[in-house]
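Engineer: This structure is in structure tokens; I'll ask about it shortly.
The values are calculated or read from the model by the stated rules, or taken from the named source; none is laboratory data. Everything quoted here is computed from the prediction, not taken from an experiment. No Cβ is skipped: glycine too gets one built from the backbone with ideal geometry, and neighbour counts run over all protein chains shown.
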Number of protein chains: 2
Amino acid sequence: MSKNITLSIDAMGGEHSPSMVVEGIGVVSHHRSDLRFILYGDEKKLNSLLAVNKDAKNVCRVVHTDEAIAEDIKPSQAIRNGSRNTSMRLAIQAVKDGETDGVVSAGNTGALMAISKLCFRTLQGVHRPAIVGLLPTQQGRCVMLDIGGNTECSAMNLVEFAIMGNIFAKVMLGVDNPRIGLLNIGSEEMKGREEIREAAQIIRESSLSLNFQGFIEGHDIGAHKVDVVVTDGFTGNVALKTLEGTAKVISKFVKDAVMKSLLLKLAFKFAPASVAEMREKMDPRKYNGAMFVGLNGVAVKSHGGADAIGFATAIETAADIISFKFNEKITKELELLHEKNKTEQDIAI
Amino acid sequence: MSKNITLSIDAMGGEHSPSMVVEGIGVVSHHRSDLRFILYGDEKKLNSLLAVNKDAKNVCRVVHTDEAIAEDIKPSQAIRNGSRNTSMRLAIQAVKDGETDGVVSAGNTGALMAISKLCFRTLQGVHRPAIVGLLPTQQGRCVMLDIGGNTECSAMNLVEFAIMGNIFAKVMLGVDNPRIGLLNIGSEEMKGREEIREAAQIIRESSLSLNFQGFIEGHDIGAHKVDVVVTDGFTGNVALKTLEGTAKVISKFVKDAVMKSLLLKLAFKFAPASVAEMREKMDPRKYNGAMFVGLNGVAVKSHGGADAIGFATAIETAADIISFKFNEKITKELELLHEKNKTEQDIAI
């Protein structure tokens, strides 16, 4: 059996904390016997939840704190000394101190990014960390980054995102040679913003072993034209949220149609297998767990509104990333990129 | 009865031209008796189509040309002298010469924008024309601009888009006081790119009578939080295409579920009223017709793949815009904006 993985959990982050944290751990422990957890948060609440969830109790240890990061706190406030004893900060610090292998939190995204950056620092060779997430497509799931870390990005930032996304897709999608695309407003070479065209050129001229497909457009995400969608954090965030919003619109149209027809209502009720499969595909909980890539430590952000199933998905994302030695692999690829660039600069001099 | 409106039609643009052009005119003429058309294109083909479509024949005149703008031509090539006799160029020129009131084309978007800009020039007070379109939401339709005209925009460009979008929404959605939002990655004041924050400030401090709702996020589009979504042409294009792609993904999930269950298949077949209503709401043809706003002339772009119903929608968009004296209203509002800015600059000096 492989070595156990220990995760620190910010047990007080998220709308449904801490109950969804304990329940989520219970769910995960059914099929992942290699996971152990240190929960940071209100001891009394956590112990009473663990008392009625033996599956979770067997794999958890609680570290008490009665402080938590507020949902509306700014990143700059989150990294001040005053937040040292919050459940989020303690959970991140445990990774830094080598007590745990990674952290999962459903708390304030900006605070989690800021504290993780402060404690972990960026990975060697990475100029900007990014947030990477999974999206539903016609053929399964794809990976997109950056989905909110950096509102503006240089060509080199985008190239680094492509490298990190490539490895993330290998782990999370199990694809051998992920197809990578740069999100743009046309597939022709001359289209779009300068940094995107420059990033495409750097990738094409590099010795990186990326399966680069060039530019893709918004509709290509759903069509699964690529496995990795590379973009800046502003565009990625808008695309992700537009996708979520549209899924809700179409679901509402279908629901309205079903509610207006007794026949359809009955058919939906008595066709459980195919309806269940459809619901499963559309279930946002299956896409939960955005990761901060490019940091010298593993930090996974669960959706703030996640329930136990959603939180369990985020935990598994963190575990998979750690088992795969994700960060070591990124460092190696980035050495290749920057080594080549350095050599070229030397020659130019 | 109000005065007749005459539209020039690029009859050779689009995948299904010229048949969908003639059929589309036939469809529109059933309920719009005030429209007349000059069709630019292959006389032989057009006359044989009109011979079997009396509704269209009664309201059309054909001007022959055997030249057309290619789908893959670049905007810079489209404005050269060599393209003077193409159906698109002639249709636009007719508006400029005062023969017609506006132009509709399903041809090459870049070419249409470039030739329209060249012939019409920008409207007084507009720094950058934009492309505006309609999107489906949970409560109906909303307006978004820019959806592809300008990959980068200044704060003042965005403010001008807000003014033009406001008037477009009044015409196309029939809303008295449209709610306007700037697309961003968070609703807090400090979020997002600088030009977006600056645009919000200019609108708030102006004497413009805009119903400004501040920042919105991607999911707010589908939730219909605002009637007008203001953004740069890069982000707008990505959001629009992501929305289209996601609608296809969800529709496929539903279709798959229906095909796998005989019960659901039958229910969908025998519940025609509510299913028809759902299909109607999801029908992309109902959202066809993107307009170039900010030009001193009316040019409407139909989707390249539009059929007769889609092309009919684009024709109606052009007709509505012309009846409403859209451009005159924009000019007046922009005078207000720039007058105030000028006064402030004078004071500053």
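Engineer: Taking segment B:134-156 only, how many residues are out of contact with any Phe, Trp or Tyr (no Cβ under 6 Å at 6 or more places or on another chain), more than 13 Å from chain A (Cβ to nearest Cβ) and either within 12 Å of B:V293 (Cβ to Cβ) or part of a loop (DSSP other than H, G, I, E, B) (or both)?
Structural biologist: 1
Engineer: Can you find a residue in segment B:306-326 that is polar (S, T, N, Q) and either within 14 Å of chain A (Cβ to nearest Cβ) or within 27 Å of A:V258 (Cα to Cα) (or both)?
Structural biologist: Scanning segment B:306-326 turns up no residue that is polar (S, T, N, Q) and either within 14 Å of chain A (Cβ to nearest Cβ) or within 27 Å of A:V258 (Cα to Cα) (or both).
Engineer: Residues A:S17, A:S87: which one is under 23 Å from the mean Cα position of the chain (by Cα) and closer than 18 Å to A:G289 by Cβ?
Structural biologist: Only one candidate passes the filter, namely A:S17.
Engineer: So, in segment B:260-290, how many residues would count as being out of contact with any Ser or Thr (no Cβ under 8 Å at 6 or more places or on another chain) and more than 19 Å from B:L134 (Cβ to Cβ)?
Structural biologist: Residues meeting the conditions: 9.
Engineer: Does A:A200 count as in a helix (DSSP H, G or I) and either more than 16 Å from the chain's Cα centre (by Cα) or not assigned by TED's automatic domain parsing to the domain that holds A:D227 (or both)?
Structural biologist: Considered against the rule, which asks whether it is in a helix (DSSP H, G or I) and either more than 16 Å from the chain's Cα centre (by Cα) or not assigned by TED's automatic domain parsing to the domain that holds A:D227 (or both), A:A200 comes out as yes.
Engineer: Does B:V249 satisfy the condition of being surrounded by 24 or more Cβ atoms within 10 Å (Cβ to Cβ) and at negative phi?
Structural biologist: Yes: the conditions hold for B:V249.
Engineer: Restricting to segment A:321-332, count the residues that are charged (D, E, K, R) and surrounded by 19 or more Cβ atoms within 10 Å (Cβ to Cβ).
Structural biologist: Within segment A:321-332, residues that are charged (D, E, K, R) and surrounded by 19 or more Cβ atoms within 10 Å (Cβ to Cβ) number 0.
One line per residue, one yes/no per condition, for (1) among the small types (G, A, S); (2) in the same structural domain as A:L173 (by TED's automatic domain parsing); (3) out of contact with any Phe, Trp or Tyr (no Cβ under 9 Å at 6 or more places or on another chain); (4) without any contact (Cβ under 8 Å) to a residue 12 or more places away in the chain:
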{"site": "A:D227", "(1), (2), (3), (4)": "no, yes, yes, no"}
{"site": "A:S251", "(1), (2), (3), (4)": "yes, yes, yes, no"}
{"site": "A:L263", "(1), (2), (3), (4)": "no, yes, no, yes"}
{"site": "A:V275", "(1), (2), (3), (4)": "no, yes, no, yes"}
{"site": "A:K286", "(1), (2), (3), (4)": "no, yes, yes, no"}
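Engineer: Considering every residue within segment B:308-325, establish whether at least one is among the acidic types (D, E) and under 27 Å from A:S251 (Cα atoms).
Structural biologist: No.
Engineer: Just give me the residues in segment B:174-192 being within 11 Å of another protein chain (Cβ to nearest Cβ), buried (at least 19 other Cβ atoms within 10 Å of the Cβ), in a loop (DSSP other than H, G, I, E, B) and not small (G, A, S), in sequence order.
Structural biologist: B:N184, B:I185
Residues checked against (1) of a type outside the set (F, W, Y); (2) without any contact (Cβ under 8 Å) to a residue 40 or more places away in the chain; (3) outside the structural domain of B:I5 (by TED's automatic domain parsing):
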| residue | (1), (2), (3) |
| --- | --- |
| B:A299 | yes, no, no |
| B:H303 | yes, no, no |
| B:A306 | yes, no, no |
| B:F311 | no, no, no |
| B:I315 | yes, no, no |
| B:D320 | yes, no, no |
| B:E333 | yes, no, yes |
| B:L336 | yes, no, yes |
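Engineer: On to the next question. Looking only at segment B:118-129, which residues are closer than 14 Å to B:V298 by Cβ and within 16 Å of the chain's Cα centre (by Cα)?
Structural biologist: B:P129
Engineer: Can you name every residue in segment A:88-106 that is part of a loop (DSSP other than H, G, I, E, B) and either more than 21 Å from A:A318 (Cβ to Cβ) or of a type in the set (A, V, I, L, M) (or both)?
Structural biologist: A:A106
Engineer: Before we move on, is B:T317 under 15 Å from the mean Cα position of the chain (by Cα), of a type in the set (V, I, T) and part of a helix (DSSP H, G or I)?
Structural biologist: yes
Engineer: Looking at this structure, is A:T242 within 25 Å of A:R193 (Cα to Cα), at pLDDT 95 or above and of a type in the set (S, T, N, Q)?
Structural biologist: Answer is no for this residue.
Engineer: Have a look at A:G140, A:G110, A:G149, A:G125 and point out the one that is crowded, with 24+ Cβ neighbours inside 10 Å and modelled with pLDDT under 90.
Structural biologist: Every option except A:G149 fails the conditions.
Engineer: Within segment B:194-205, how many residues turn out to be crowded, with 20+ Cβ neighbours inside 10 Å and within 14 Å of chain A (Cβ to nearest Cβ)?
Structural biologist: 1
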